[in-house]
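Let me begin by presenting the structure, written as structure tokens, before commenting on it.
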Amino acid sequence: MRETPCTVKAAHVCARARRALVAAVVLLTLASPAAAANEYEYPPASGADGADAPVLSLPTHIGEVRYTPGRGLRVGDTGLTLGGYVAVDLTRDEGGPANLRVETLGLFFIWDPTPRLHLFAELDPIDQDEPDEPRQTFTVPRLYGDLAASDWLNLRVGKFLTPVGRWNLIHARPLVWTTSRPLVTELPFDRFTTGAMLFGSRFPGTGTLTYSLYGQFTDQFDAEPEPQAVDRSVGGRLEYASLGGWSVGGSYLSFTDAGRWRHLTGLDTLWQRGPLELMGEFAVQEPTRGAGRQWGLYLQPVAEVLPKVYLVGRYEYFDQPAPEPAVNIGVLGLAYKPRPFIVLKGEYLFADHRTEESPPGVKTSFTILF
């Protein structure tokens, strides 16, 4: 990005503006080790299949520079980690041509200057499809920060994933089982929030109780066209995760869309036992008055049928605002994970009505965390 030159007369004004910008970025990117309770940057360390074993280790004057596949490049003792993920999709919608493209390239910049501070930014370079659109080099899906007081009290400021349900908090494409995304996880609400959030966890002995309270009090930072735009919002999420391998969560979100208040309520669950997993979500969103109610759900079972090969199924239902019809969607596919940070996915999506956001057809993708 090219910096506009300052005249001699305005030099002190530009200098103050630059200092203010730096201060704002630092404020927006404070974060804590408890951030994983709300959204993923990287998946939890497992140590399986060499997933957490460095493939590069180089001693330098700033400490050991280490690269671990799926966990990023650790830059010595600076606390800086560079990484990200990429998703390459090959899709063919019913009645259309095959389409191969780099769907997502997310670059992570993570800095842990102290145990209580953690800086995080995600940049997504743009492949400009429409020549008439304003030129952009990249978008900023996430730029946030947390200040950690304790396990049960943390403050996040910046642009972060809206804590509604489970799918939206996973975000990174290599961490979900399918190329397609359930409609209920993107149509009824804005996937991002620019504002502040209090969150934390308690450990009652039988599991973990996690909460978040958040709100958007300013315009969306680096806003993208969303199915459901938000001006201002306030919401919360509560989740209980049992030591027995199951968890259940509830979400509430109240937001304004062009000055009109809407309310969303949701429930979600996850059960895991050996090679089996079952995940589901339900959400209903409606305006304070008048028409426009929409609601939906999905249920997604996953089973490991061969070593590193997973059979994935999903049923979705989404009732859209009139005059759009309600839609039933089925997904059947396979996912192959040769390493924990590499996933090759293939699926067939069928539906009783066509939707622009999730059209029927064959969808495949290659995704990798780096």
Evaluate the stretch 270-277: report whether one residue or more is buried (at least 18 other Cβ atoms within 10 Å of the Cβ) and farther than 28 Å from ARG202 by Cα. no
State whether the residues of the stretch 231-239 include one that is part of a strand (DSSP E or B) and either under 30 Å from TYR348 (Cα atoms) or under 16 Å from the mean Cα position of the chain (by Cα) (or both). yes
Do you know which of the residues in the stretch 84-120 that are in contact with a Lys or Arg (Cβ under 7 Å, 6 or more places away or on another chain) and not polar (S, T, N, Q) is farthest from THR60 (Cα to Cα)? ALA98
Given the conditions (1) of a type outside the set (S, T, N, Q); (2) modelled with pLDDT of 95 or more; (3) farther than 22 Å from ASP319 by Cα, every one holds for GLY245 apart from (2)
Among the listed residues GLY296, GLY290, GLY313, which satisfies the condition of being surrounded by fewer than 20 Cβ atoms within 10 Å (Cβ to Cβ) and either in a strand (DSSP E or B) or touching a residue at least 24 places away in the same chain (Cβ under 8 Å) (or both)? GLY313
In the set SER254, SER247, SER212, SER233, the lone residue that is in contact (Cβ under 8 Å) with a residue 12 or more places away in the chain, among the polar types (S, T, N, Q) and surrounded by fewer than 17 Cβ atoms within 10 Å (Cβ to Cβ) is SER254
Which members of the stretch 149-168 meet the condition of being open to solvent by 10 Å² or more (accessible area, probe 1.4 Å) and among the small types (Gly, Ala, Ser)? ALA149, SER150
With open to solvent by 30 Å² or more (accessible area, probe 1.4 Å) and small (Gly, Ala, Ser) as the only criterion, which of ALA322, ALA335, ALA283 stands out? ALA322
Selection from the stretch 113-127 of residues closer than 22 Å to GLY76 by Cα and open to solvent by 50 Å² or more (accessible area, probe 1.4 Å) yields PRO113, THR114, PRO115, ARG116
Say whether the condition of being surrounded by 21 or more Cβ atoms within 10 Å (Cβ to Cβ) and among the charged types (D, E, K, R) is met by at least one residue in the stretch 169-182. yes
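The values are calculated or read from the model by the stated rules, or taken from the named source; none is laboratory data. Because the structure is a prediction, the values reported are computed rather than measured. Quick reminder, even Gly has a Cβ in these numbers, built from the backbone with ideal geometry, and neighbours come from all protein chains shown. The area values use the complete protein model at the heavy-atom level, side chains included, leaving out ligands, DNA and RNA. Shrake-Rupley method; radii C 1.70, N 1.55, O 1.52, S 1.80 Å.
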